[in-house]
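What follows is a set of notes on a single structure, which appears directly below.
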Amino acid sequence: MIEQPAVANPTASSAAGRALVLILLAAAGTFALTMGVRQTMGLFLSSLNTATGLGVGNISLAFAFGQLWWGLTQPFAGAMADKLGAGRVLAAGILLVAIGTFITPWMTTTAGLIFAIGILSAGGAGMAGPSVLMSATMRLLPVGRRGLATGIVNAGGSFGQFVMAPIAGTLLVAAGWVSALQAISVMVLLALPAAWILRGNVVRMAPPVGTQPASPTAGSATHPGLLQAIRTALRHPGYQLLSGGFFVCGFHVAFLGTHLPGVIASCNLPVQYGAWSVAMLGLFNIIGSVAMGWAVGRWRMKSLLSLVYAVRAVAVLVFLLVPKTGAVMLIFAAVMGLTFLSTVPPTAGLVAKFFGTANMATLFGIVMLSHQAGGFLGAWLGGKLFDMTGNYDWVWYIDIVLATAAALVHLPIREAHLARVVARA
């Protein structure tokens with residue numbers, strides 16, 4: 001008897017495809033709203049300074065603490081999501097972002113701003129941030145599609161920035177900074193249904209026809225406990241170099257996100273250029289993130305990271321040398337947007353390649369902590385040096401040096417599964 005070839009069930013495949021799209025939309029939409037709010041807060045720095053009289057340096061300290069706290073929450077939020085699923089963690093994070101942002105106008109001291117912006121809002125955004133969202137999607141996908149999926153989720157944050165910045169800027173001019181800030185805080189609550197959708201992220205879908213299902217331990221030989229996995233990661237040379245490079249990314253992103261409107265104001269350009277420059281960062285980061293998600297499946301991820309940091313160094317150097325017109329600001333924001341968070345897909349991809357996805361949220365959360373330590377320095381140092389010198393030039397010089405160092409530090413990384421590295425040891 002002739003054996004008939006197995007025929008895939010088109011209904012099951014279609015259902016799996018719809019579920020995959022829904023999960024990606026939920027994760028990207030959540031990141032869009034939380035990141036959109038965080039990345040537009042810099043628009044309100046001048047208004048906060050005028051209202052409180054605290055000075056740019058002190059207000060920048062609150063933003064800087066938020067960068068650090070956002071990173072500190074990532075490993076713990078990731079560990080909770082690894083154990084309990086993403087839904088409850090995401091819902092709590094979304095509510096904290098809304099509350100912290102809503103009460104910010106009532107904070108008149110540095111400590112109050114640190115509490116509202118740095119603890120509540122930033123901590124909530126960390127709970128609903130990339131370590132939880134990336135792991136929730138990567139667990140459900142075959143290995144070959146993880147890069148593009150992380151690019152899509154990452155692009156969601158950029159889309160939120162692109163949409164929220166003009167909205168916040170318009171509300172700021174039309175209704176005042178207090179109403180604008182509280183209005184965007186309410187918008188964050190639109191992400192709550194996504195938390196419900198992602199509540200069952202530990203359940204695996206059937207993979208698309210013709211692909212291999214993702215394994216929770218792909219890239220590792222055993223199922224290590226959490227503490228063992230952390231100890232192993234911290235001793236891994238590639239993980240150490242990756243964390244060092246991501247520190248630089250955090251410095252760069254936090255400085256731009258917090259102080260780009262101030263940079264534009266110091267060039268005597270209208271406030272609208274600040275809002276549209278932040279929007280351009282988000283718009284072109286969508287392109288950069290999706291393109292990088294596509295690229296990580298075709299080129300070595302460490303090489304892509306080196307390229308991104310090298311482009312940043314060159315772009316900042318050129319920016320310092322040219323006249324500061326409105327068009328130049330928008331073009332500069334677009335170029336920086338291409339590299340803004342395009343580091344996330346290859347960084348997350350390397351973590352998964354080294355250690356698998358069993359403890360992905362926690363291990364990527366630790367890398368994010370390094371990113372946010374750099375973010376603390378970028379946000380705080382930007383305001384401190386501005387108070388000292390009256391301009392941002394020295395921050396740009398530091399940024400060029402750090403970006404060049406980051407371009408070099410990724411080159412020694414060995415892209416191999418942990419099991420192979422151990423076998424050669």
What residues of the stretch 246-276 lie in the reach of a label at Leu330, counting those whose backbone N is under 13 Å from a point 7 Å from the Cα along Cα→Cβ? 270, 272-276
If you rank Tyr309, Tyr239, Tyr397 by fewest surrounding Cβ atoms within 10 Å, what's the result? Tyr397, Tyr239, Tyr309
Once both labels are modelled 7 Å past Cα along the beta-carbon direction, what's the Ala405-Arg235 spacing in nm? 2.7
Sorted peptide list for 170-179, 36-45, 402-411, criterion being average Cβ within 10 angstrom, highest first: 36-45, 402-411, 170-179
Under the 0.36 nm per residue contour assumption, what length would be gained going from the current alpha-carbon distance of Trp299 and Leu320 to full extension? 4.4 nm
Please give the peptides 55-63, 261-269, 24-32 ranked by average Cβ packing (other Cβ atoms within 10 Å per residue), highest first, as a rough proxy for protection. 24-32, 55-63, 261-269
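FYI, it's all coordinate maths here, none of it is from the lab. In this text the structure is predicted, and so the values were computed from the model without any measurement. Backbone-built Cβ (ideal geometry, glycine too); neighbour counts: all protein chains shown.
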